[in-house]
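Before any comments, here is the structure.
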Amino acid sequence: MSDQTVTPEATVTPEATVTPETAVTPETAVTPGAVEAPAPAAVPAMPEVPPGMPEVPPGMPEVPPGPDASPKPPRRVLRAVARWTAAALAFGVLGTGTAFGIASLERTDVPGLATEDDGRWDYPELSLPALPAGSPRPFSAGNPAEIHHADLRDLLLPAPAGAVPDKKLTGGWISTETFLDAYRQQDRTSVAQLLRDAAPRHIAARGWTMPDGTTSRIYLVRFNSTAFASRLLDDLHVGASAGTPLDRTDTTELDGTWSSADNVENVSSFVFAEQAPFGAEHVRQAYTLAGDTVALVVHERAGKRETGRIPFQQTLILQNQLLA
């Protein structure tokens, strides 16, 4: 990830081209032919006028043209062509103006193209934290060990607009015991032993609650090397399954709505969601392996409604971008 600011929402602007097609087919002019004069007459005789036809067609000369003269189209044909040409130009200008008007509008301003609110949260503008002088980014060529040199607390995703901060998970350092609260009571002893074996350097966490009742918690655990970080996920049996269950979870399975295309470069995520029927709350969770750091992202909401998929995946992607 570059040092540029990460913006969570993108604006979509449709392009439209309106090109009216107008076929113009002028009528074919009909020119009466000259009638051959009788041989013995000294002066050529005028051709007889067929019944029902005017003596002289509008716009035609009174004297028939000579054999070398080119016939001229009737004026009514020229007027029709002019009218069709003007109409085509008018429709062309109108179509171009319409296309420009649509292209210049926001998607939500165009009837039929409005995008309804998909539930995503309003996160502040993000940027990568500063590094100590001379320290490389975790996945740069000069950092083969994939170590995060930035302050781990600065790598935590900030809370979105409207969130009520968690009084225990404030974005600072937390103890191992506070981290163990994320797991079921009967599994905390075994997880504590795994942490003693892996010896994490730091644990930081942030939590908040949204107006719809969704509670979000993010834990970042940094180890001395990528080997220890990877080993923790193996010991928790995270992979095809969610591994050691989190507190207040029942049947948790891989989230089929998450695909490899959603992964941020250089990090790996394992995404899970509780399946119906679930208990008093619905939980979504994900582990991310990012070099020497493991992230645990948890969203849960009490009641029979599922926790929102889009805000959960939005939270996970943004947190992964900060770690990458």
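The values are calculated or read from the model by the stated rules, or taken from the named source; none is laboratory data. The structure displayed is predicted, hence computed values, not measured ones. In this analysis, Cβ positions are derived from the backbone assuming ideal geometry, glycine residues included, and neighbour counts consider all displayed protein chains. Just the protein is used for accessible areas: all its heavy atoms, side chains included, with ligands, DNA and RNA removed. Shrake-Rupley method; radii C 1.70, N 1.55, O 1.52, S 1.80 Å.
For the range 258-324, with all protein chains present and a 1.4 Å probe, just round the carbon and sulfur fraction of the accessible area to a whole percent.
Working: 1110 of 2200 Å².
That share works out to 51 percent.
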Give the Cα extents of the range 197-324 along the principal axes, in whole Å, largest first.
-> 41, 27, 25
Heavy-atom accessible area per residue, the range 119-267, 1.4 Å probe: how many Å²?
-> 50
Once amide hydrogens are built 1.01 Å from N within the peptide plane, the residues lying 5 or more places from D255 or on another chain with amide H under 5 Å from its amide H are V271, F272, A273
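Listed highest first by mean packing, meaning other Cβ atoms within 10 Å per residue, what order do 129-135, 219-225, 243-249 come in? All intermediate terms of the calculation are to be shown ahead of the outcome.
Details: 129-135: 10.9, 219-225: 20.3, 243-249: 18.1.
Listed from highest to lowest mean packing, they are 219-225, 243-249, 129-135.
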Of all the accessible heavy-atom surface of the range 170-244, with the other protein chains kept in place and a 1.4 Å probe, what percent is carbon and sulfur?
-> 48
Phi-based couplings in Hz for the range 290-301 (Karplus 6.51, -1.76, 1.60; Gly and Pro marked x) = 10, x, 8, 10, 10, 10, 10, 10, 10, 10, 9, 9
Given a Förster radius of 41 Å and the C-beta distance between H149 and Q185 as r, what FRET efficiency does 1/(1 + (r/R0)^6) yield to the nearest 0.05?
-> 0.70
With a Förster distance of 51 angstrom and the Cβ-Cβ distance between T257 and T170, calculated FRET efficiency to the nearest 0.05 equals 0.95
